[in-house]
Every structure is written in C-alpha cells, then in structure tokens.
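All remarks here apply to the structure that follows.
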Amino acid sequence: MKNITINDWTFTQVGGGKGTKQDEYLQAIGPTTVHVELLKAKRIPDPFIGLAEHDVQWIGESDWIFKSLFTVSEDDLQSSKQVDLIFEGLDTFASCILNGEQILETENQFVGYRANVLHHLKPGQNELVLNFSSAFKKGRDLEKQNGKLNLWNGDSSRLHVRKAQYNYGWDWGPILMTVGPWKPVYLELYKNRISDLDIRSEVSESLDVKMTVDMTFFDNTAGQATITLKAPDGTIVASDNNLRTNEGKRRVAFSFAEGELQLWYPVGYGEQPIYTVEADLTDENGTLLDSKTQKVGFRRAIVVQEKLVDQPGLSFFFEVNNVPLFAGGSNWIPGDSFLTTMNSDRYRAWLKLLVEGNQNMIRVWGGGIYEADVFYDICDEMGILVWQDFMFGCGQYPAYDSFLALVKDEAEYNVKRLRHHPSLCIFAGNNEDYQIAESLNLELNYDDETSDFRKTNFPARHIYERVLPEIVGRLSNIHYHRSSPYSGQGKITTDRTFGDLHQWNVWHGTQEPWTKWDILSGRFVSEFGMEGYPNIRTVDYWLGGETRERFPQSRINNSHNKADGFERRLELYLVENFKHSFEMESYVYATQIMQAECLASAYRLWRRNWAGKGKEYTAGALVWQLNDCWPTTSWSIADYFLRPKPAYFAISRELRPYTVGITRKEVTTFLDDRAAADFTIHTVIELWGTNSTLTEKKVTVEFLNHDLHDATFKDGWTKTVTLSPNSSTEIFSGGIHALPERTLKSQIPKVIVVSARLLDGDGTVLARYSNWPEPYKFIDFPKDSGFKVQVASDGESVTLSSKVPVKGVILDAEGEDVKWSDQAIDLIPGDEQVVQAIGLKGRIVQARHIGDETA
C-alpha cells in the first residue's frame, strides 16, 4: 500500500469579493479552512479581537474553491489494483472534481469519504478541485424545504446541517462558519486492504478477559493475515499467524484468565497499560499488502443503576473493574473556533491541566465535533474517562429520510473510529434535546417504548431511541444513554432521582443561591456552572489596545460574553454575596472569586453524597465547562490561552484524595405555633471528610473556631477519625460555643470562621477547609489582618500567612504569566501555606483578598 498526500492548495472566493479578487488564488497548506488562511494572508482582521467577529461574517456566506495539483507516476497506476481518494473530513458541502469529472458530493463534516478514482487519474500531473458551497445558505435552503424547527442557540437552519453546531454561535462562542478541507486528503494505492478492524474485549466480573478481532478485507482474493497482541513493553502476548483471507472476513478470539493481562484503570485508581494490536495482510507470496495498528486497553466499564438506601430512585454511577467511582470532571467544547489550529500539543496541555486538577472524566459535548484521534489517545494514556455525546445539541432535530441517512453514516463511522479506546465509557444520544421537547410541550410520552416517532413533532426521538442504540449496540460494547440529561424510568429530565441531570437553576432557571447546591443535587450532575472573567491579560488581548473600552460594561467586553442576560446574572450573584467595585481589575477579581466559591461548593456538597454502597446519592459532577474556543468571559474554568481561573484551583482542592467539608445552617425555633416574636436562632455545624482511595484512612481532625475581630480567641477540638474507603464519612453535627443562641434578629452574630484540617500520622496536612458566614458583603473585615506574602530565596515559591482569617487570596505578578500551584486561597492563623510559582523569578507578588479595600 502507498499513500500520496495532497496538502498543497490554492483557494479563492467564488466570483471574487472581500477575501480574494476574481480569479485570484492564494496559497494554502492543508488541512486548513478559509478563516485561517485569510488571517495568514492578512486579508481579514482577527475575529478574536475587538468587534472584528462581526466583520468576517461574509466568509461563511460565500462559496469557495480549493485546488491542488499532484503527481502520480505510471508505475503507481500500473501496480495498483485500486486507488482511493481519501477525504478524512471536508467542511461541509463540497463538490469534488478530479481532472474535470465529479467524483463525490459531500454534506457531512463529521465523516470521512473514500472515492475510487483509479480510472480518473492519469500519469503525471492531476488536478483536484473542491467547490465548497456556503453551509449557512445551504442550511437555509434545507430549512425552507423541510420546515423550521425550534432550538436554543444559533440559527435554526443549523438543525438541518451536519456541521459543528457551535459554528453558528453559542452562549459562549462567536459565529464563525468555517469552510475547507479541515482534515487530511490523500490517495491510497493498493491491491488489497484491511477495510475494517473491529477489536472488542469483554472483562467479566471475575476480571478474566475475552478478546475478539474481526477483520474485513476489501477483496476476498487468496492471501494471509496475521494478528498480534503486544503488551505495553512490546512483548508478544498472543498471536494468530495463519488466517486465510479468501472469504473476505476473519475472526480471531483470545481468552485470558484473571491476572494474565494488566487492566486499565482511571487516573487515581490504578495504571493505564496500553496494549497494541497489529494486523498484517499479505498476498499468497508473502508480500505485505496492508497493515493496521490499534492501541487498546482492557477494562470492565459499566453504568450502575440500582436501588438506594433511604432515598427514592436509582443510582447512576460508573464502575470500572468492579470499582465504583465518583466522577469529578469537566465538559469539553471544541478547543478553538478554528479546529485546524488544534494540534497534539494543545490537546495534551488541556488534558494535562484536567488531570493536574484532580479530575478523572471529560464529557465531549454534543454541539461540537467527534474529537480528533489524538484527543482520545491522550485520554487513554492519562486515565481520563470519556463521556461522548453524539453531535446533536439543544434542538428539535428533524428525521426525514435524507437527514437520517447522513446520521446513520455519521454514527457508524464514528462508533467504529472510537470504539477501541478504553477511556470511552459512554455514548449519549444528544445534548438537552429532550429538554427542548419538554419546554415546547412536544409529543413526548416517556412510557412509549415501541413507536417509530418520525411522524410526531419530536421526530429526532427516532434517532435517539431507534437508530443510535442499534448502531452502538451492533458496532461496540459501550454503554448507550439516550441523552444528556436523561432520567429514564418514564421520568422527565429534571427528575433528581434518576439518570443524569443538568443543574442550571444556579445562573439560569430559577437562579438559586449557590448555597443551595446540596438540595439541587442529582444522581449524576453532568452540567452546572457559574461565569467568571478570565485573566486580565486575556481581557487586554481581546480589547486590542482600546484602553477607553477597559471597563466591565464596555461594548467590546459585552461582545466577548455571549450569554443572554449575563449583565443581570453576574450582578445578581455578585451583589447578593460581595461588596465590589467596577474598576476593571477589581471586577475581574470579584467574578473570579464568585465563580471559585460557587463551583467549589458544588463539588464539596455533592461529593459528600457519595456515601458508600447503596448510598451513591450523587455519583458525579462535571462542571460546565473546562475550556473556551476563543478569548471570552464564560463558564470556563480555564481561558482560551490555557490560563486557569481561580475556580480551577478551588475545584482541584475539592477533588483531592482526601477532603474535609463544613456547612453551617441557622435553625429558628418558635416558642409556640402562635408566636412569631418569641424564638431562638441556633447555628448547626456539620463536618465530614471524604476518601477516594480504596483503603480506609486514619486521620487527625483539627477543628477550630476563629473570631475575625479577636485574634486571641481560640476554641475547638482535635480527634482521631477513620475515613471509610471510597466514600464520605460524617464526623460532627451540632452547635459550637463560639456561636451562642440568639433571640432577636437584631443581634448580629460574631464573625466566626470555622476551620478544619485533616492531618496524616506525621502531621502532613491532607486537607483543609474554612467555612465563613455568608454573604461576605455583611462582614466588616479588619483593616490589619497581618496578611503576609513572602517570596522564597529561589524566587519560585511563595509563603502566605496571616494573624486572622483571610478569604479568597489571588496572586499575580507584573509581566509574563506565572504558573501558580494554587489560587483562591483561604488562610487561618498558624497555618502557613506555600504556593509554587513557576516562572515568578523573584518578582514582586501582587495579592488580593476579600475585604482588603482594593475593591
């Protein structure tokens, strides 16, 4: 087999226009798309800066031509039985013309195409022309033909187009309708090939392994195939060397007793051994015709839905190799508006950030793309569990015949492409489409398990309940879930006792205070979030030097936040909780601390609900969202430039192997049921610890109370506690002397900060947390906290200390970025904290905290 790469292109705007003059062709190297090339040629402004996004909308509404000249030798043509032209991805509607003859029409960005072109080629120079039609205009035509449907986000025509839906604009992303040969294009010359390699493994409850390899060959001519399984160290584990190919298909089966193979585990629970399957195809003379290699891992990954103790409904948790686990992670949107700029280094940096933040799961959201192969390879390597949506997002999708044909091809193509990855543990049919149906009161009888649904006003239910589960079940061993969120059991998607839940009643919906996360829980919370501004350097980047726009309410800053009503919602949560100013740096700080406090609280309270066997009341929390596709203010916990927000660090602390949590609640007791003026208010403190390891852990709990205005006040206790494995453990519930009962609401309680630390046997601090009275806006912070920042002699670490409790420390330094090991830090007296500061190089550290009068 021989490949000839086609990546040297010229391109032009059809008829000429703002991008190119008529018949003017610009050079391009593929894979690529039009925006990227016009930016390189300085033909358009950068849509990520200022208001320039609005100046490039014509690109997505224009038609474009890409041309390439390539050479094929006479010998290549004579020696090949078949020559295929491979398009791994075209974005989106393209007519492909080879030497003047049309060979292919494409209409789906999510699949690869293969065309037999042997008889279209000639020795010497050949010309390939790709005529791309505007996906936006084609979508409008399809909508006119097939009907306008409902959606959240973007133009309604997107529902008819199999293209990355976020290109149409989302509530965190710009409208940038990309177009071009966005994945590799090449010729494949061969006599025979392995057309499909289907590797399946089943790990039983007793952890023995059965493995099958099904090979399909392009031609059923006589020959021989070989299958070899190699261990991570390269040694051969099993092989079959005498497989005849004349039937066009062969199956190989291997069996391994428990312990013969190393099992793959999620990060934090074991190792990630990656095995290699090598498949070779030879002719009768032993000449190699084709070879394929796939990396695999062996694990038993199931979704457990069982009855619970003391609560209604069913659990919804992931179990890997018989180990139930709490899934703490993030949602993933495409890493860039221009996907061809995403390389393996950028993917690795993002996924490394996830793992360094103690997260173990990522959800590939259904409005983007089925991610690049390297994304899943890195997840396999790093032990990141992948929740994979099919690409349907926030819409009332159609199911007419031509659309359904595209969907079937897309699902088969991507299930085949992804099924071998050990990290992939669930396919979900869509993102929030059942919620759309519920909100519109569409025909949605959840008890109906037999209908076809195509004649209803929710026709896509046919896709999610008939087409996709059949394809996933036939082509893989991966669990299928109809949607995210989806309850099952005949329940609506907002039911908190079944399935997974998108909890948007903080920020969206009823806009509840984040202090209610404990009663806003679900069995598995696959979306929730809070907005926060990115690093001030990112803000200054998108301002593009427009210093007059450097205030929170400016036109440019508003354009770089796509969320509906974000001004009201940001201010609602800020004003409920903080005193703050509108000076730019101060406003950025306030939103970042708000986001950090909000999200950390969710992880803390929901992880408490992972309470052991039969008490998996909340089994996962996936924050919306890890990343951004452009420089913006959004719900992300790290911005476009991979700068973690303080929330990233606050979440990381809540996902450590050992954590400690505290709640305080005021309970009012009336004298009798006829009295309103006579009552007592007492404060109840609850304290718990968590342990995600699989062995119990003996720790010392240090529980202290601090008076913010009296540094001499000390109260508390210390005791030894054993934390149960893989669960939370309740430690204390009751009142404390520092907060006596009150009988009048005018009696303002002392500002008592309640803190706890978990100490290992050698005194190492395993976890710490301090609980403050909320809202913070009512606190009169002392002017002299004794807060100190001391830079070590190596210039790369910082020691923080204080005389009284300090809340929400964020560190920075003038100039280039510093990689901080922690942010959004709370301090208590006598508990110095050391923060690593890679790249600080001894510079002066700038520090902010709540109540320091800088805001």
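Any read-out appearing in this document is the output of simple, stated calculations on the displayed coordinates, not a laboratory observation. In this text, all values refer to a predicted model and were calculated from it rather than measured experimentally. Here the Cβ positions follow ideal geometry from the backbone for every residue, glycine too, while neighbour counts run over all protein chains shown.
Once the piece of chain linking Phe582 and Thr718 is laid out straight, how much longer is it, given 0.36 nm per residue of separation minus the C-alpha distance between them?
On the way: separation 136, 0.36 × 136 = 48.96 nm, distance 4.31 nm.
Full extension of this stretch gives 44.7 nm more.
With the crude spin-label approximation of a point 7 Å out along Cα→Cβ, what separation in nm comes out for Arg466 versus Glu24?
In this crude spin-label approximation the distance works out to 5.2 nm.
Quick one: grab Rg to one decimal and Dmax as a whole number for the range 694-785, Cα atoms only, in Å.
Cα radius of gyration and Dmax of the range 694-785 are 15.9, 49 Å respectively.
Each residue of the range 822-830 in turn: what ³J(HN,Hα) in whole Hz from Karplus with 6.51, -1.76, 1.60 and θ = phi - 60°, glycine and Pro shown as x?
7, 8, 6, 9, 9, 10, 10, x, x
Could you list, bin by bin from short to long, the percent of Cα-Cα pairs of the range 30-134 in 10 Å steps?
The calculated distribution, bin by bin, is 13, 38, 28, 14, 6, 1.
Find how much the distance from Thr668 to Thr10 grows on full extension, using 0.36 nm per residue of separation minus their present alpha carbon separation; answer in nm with one decimal.
229.4 nm
What residues have an amide H closer than 5 Å to that of Ser797, excluding those fewer than 5 places away on the same chain, when H is modeled at 1.01 Å from N in the peptide plane?
Ala792, Ala837
What share of all Cα pairs of the range 245-305, in percent, falls into each consecutive 10 Å distance bin?
Spelled out per bin, shortest first, that is 15, 37, 26, 17, 5, 0.
What's the angle, to the nearest 10 degrees (0 to 90), between helix 584-608's Cα axis and the longest principal axis of the chain?
90 degrees
According to a simple spin-label model (label point 7 Å from Cα along Cα-to-Cβ), what is the distance in nm between Glu546 and Glu796?
With each label placed 7 Å out from Cα toward Cβ, I get 4.1 nm.
Rounded to the nearest 10 degrees, what's the angle between the helix 566-577 long axis and the longest principal axis of the chain, both from Cα atoms, 0 to 90?
Roughly 30 degrees between the two axes.
Please work out, to two decimal places, the log10 of the ratio I(q)/I(0) at q = 0.10, 0.21, 0.25 Å⁻¹ from a Debye calculation in which every Cα of the range 350-448 carries one identical scatterer.
The Debye formula, applied to the Cα set alone, gives -0.35, -1.09, -1.31.
What is the mean projected area of the alpha carbon convex hull for the range 159-218, to one decimal in square nanometres?
Working: hull surface 36.5 nm².
Dividing the Cα hull surface by four gives the mean projection, 9.1 nm².
If the label point is 7 Å along Cα→Cβ of Ala675, which residues in the range 734-765 have backbone nitrogen under 13 Å from it?
Within reach of a label on Ala675: 743-744.
May I ask for the Kirkwood hydrodynamic radius of the range 565-684, worked out over all distinct Cα pairs and given in angstroms to one decimal?
Numbers: mean 1/r = 0.0578 Å⁻¹.
Computed over Cα pairs of the range 565-684, the Kirkwood hydrodynamic radius comes out at 17.3 Å.
Debye sum, Cα scatterers, the range 557-616, no solvent: what log₁₀ I/I(0) at q = 0.30 1/Å?
Results for the range 557-616 at q = 0.30 Å⁻¹ read -1.27.
Taking a cut-off of 26 Å, what percent of all Cα-Cα pairs in the range 243-376 are separated by more than that?
Working: 4283 of 8911 pairs.
It works out to 48 percent of all Cα pairs.
If the range 437-582 were replaced by its equivalent ellipsoid, with semi-axes equal to the square roots of 5 times the Cα gyration tensor eigenvalues, what would those be, largest first, whole Å?
Working: eigenvalues 319, 76, 45 Å².
Working through the eigenvalues yields semi-axes of 40, 19, 15 Å.
Would you please state which residues of the range 7-22 a label at Lys42 would reach in this model, taking the label point 7 Å out along Cα→Cβ and a backbone N cut-off of under 19 Å?
Only 18-21 fall inside the zone, counting backbone N under 19 Å.
Once every Cα of the chain carries one equal point scatterer and solvent is ignored, give the base-10 log of I(q)/I(0) from the Debye formula at q = 0.05, 0.07, 0.11 Å⁻¹, two decimals.
Those come out to -0.31, -0.61, -1.39, one per q.
Run through the DSSP bridge list for the chain and note the antiparallel percent, rounded to the nearest 5. Could the numbers behind the result be given before it?
Values: 157 of 182 bridges.
The antiparallel fraction comes to roughly 85 percent.
Express in whole angstrom the spacing between the alpha-carbon centres of the range 552-608 and the range 130-151.
37 Å
For the cross-link pairs Lys183/Lys230; Lys719/Lys783; Lys249/Lys292; Lys2/Lys210; Lys562/Lys645; Lys18/Lys562, which exceed 24 Å when the distance is taken from alpha carbon to alpha carbon?
Beyond 24 Å between Cα atoms: Lys183/Lys230; Lys719/Lys783; Lys2/Lys210; Lys18/Lys562.
Note down, for the range 782-855, the three equivalent ellipsoid semi-axes (square root of 5 times each alpha carbon gyration tensor eigenvalue), biggest first, whole angstrom. Mind dumping the intermediate values first?
Values: eigenvalues 84, 36, 20 Å².
One finds semi-axes of 20, 13, 10 Å for the range 782-855.
According to a simple spin-label model (label point 7 Å from Cα along Cα-to-Cβ), what is the distance in nm between Ile844 and Tyr400?
Each label point lies 7 Å from its Cα, and together they span 6.7 nm.
Run the numbers for Gln836 and Phe778: contour at 0.36 nm per residue of separation, minus the present Cα-Cα distance, in nm.
Details: separation 58, 0.36 × 58 = 20.88 nm, distance 3.26 nm.
Computed gain between Gln836 and Phe778 is 17.6 nm.
Can you give the FRET efficiency to the nearest 0.05 for Leu77 and Lys148, using r as the Cβ-Cβ distance and R₀ = 51 Å?
Plugging the Cβ-Cβ distance into 1/(1 + (r/R0)^6) gives 0.55.
In a shell of Cβ-Cβ distance under 10 Å around Asp817, excluding Asp817 itself, what net charge do Lys and Arg (+1) and Asp and Glu (-1) give? Present the calculation step by step, with values, prior to reporting the outcome.
Numbers: positive: Arg537, Arg643, Lys819; negative: Asp812, Glu816.
Combined, the nearby Lys, Arg, Asp and Glu give +1.
Over the range 194-296, what lengths in whole Å, largest first, do the semi-axes of the equivalent ellipsoid take, defined as the square roots of 5 times the eigenvalues of the alpha-carbon gyration tensor?
Numbers: eigenvalues 162, 35, 25 Å².
Three semi-axes, in Å: 28, 13, 11.
Can you give the angle from 0 to 90° between the axis of helix 344-356 and the longest principal axis of the chain, with both taken from C-alpha atoms, to the nearest 10?
Approximately 30 degrees, to the nearest ten.
Ranked highest first by the average count of other Cβ atoms within 10 Å around their residues, in what order do 458-469, 46-57 fall? Let's see the in-between values first.
On the way: 458-469: 21.9, 46-57: 17.8.
Put in order of decreasing packing, that is 458-469, 46-57.
Just to be sure I understand: if I project the alpha-carbon convex hull of the range 2-188 onto a plane and average over all orientations, what area do I get in nm²?
If I average the Cα hull's projected area over directions, I get 11.4 nm².
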